[in-house]
1. Quick one: length gained pulling Glu21 to His67 fully straight, 0.36 nm per residue minus the C-alpha distance?
2. Quick one: Cα centre-to-centre distance for segment 143-202 and segment 1-64, in angstrom?
Amino acid sequence: MADDNTTQLQQLLDCIQRGDEAARDALIRHSCDRLLRLTRKMLRNFPRLRRWEQTDDVLQNAMLRLHRSLGEVRPGSVPEYLGLAATQIRRSLIDLARHHFRVKGDAAHHHTDDVRCERGNLVQNQPDCSSEPRSIEQWSDFHEHIECLPTQEREVFNLLWYQGLEQIEAARVLGVDTRTIRRRWRSARMMIAEAMGGQPPE
């Protein structure tokens, strides 16, 4: 995160804070490559959807949402901005999943989805793609519950789960120690489990 690109993103965020509307377009253009990588990583957490949607299409939809959001929300830091971007990407993915897997959707009646990934689980910051939720609603609800987390827990969840950072990297991004990251990560998992009746998707 501590590179020239991040510095330039922060400068553009400062311009937005001062009311420079033109900086909104410049910010999104300048962060396009980073948002593409973020979208690609987040799409991996929606394994069945990868059969039906391409990364570029998801990104385009998310960037339109992000542009609108920046008209209402003015993040003050790069982590806050990336968190907002992750939220818009996640919402785009949830909408697409519900579109494809609703009762009358094509994907709902397609039984040849071939999902392969390395085994993992929530504790290791990776989903277990071999075990999907019982329904698309439960699966989508899991991702929506993340948006209801308190800010600190949501920031950590976005960095570890969606962006795939190690805990030490997330600590560096947020300017805290790894013990704080572990505490917030544990708290986030417990909140999601409670919201889903103790049975979150693995």
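Bear in mind these aren't lab numbers, they're just calculated from the coordinates by the rules spelled out. Only a predicted model underlies this, so the values are computations on that prediction, with no experimental measurement involved.
1. Gain on extension, Glu21 to His67, equals 15.5 nm.
2. First find each Cα centre; the distance between them is then 21 Å.
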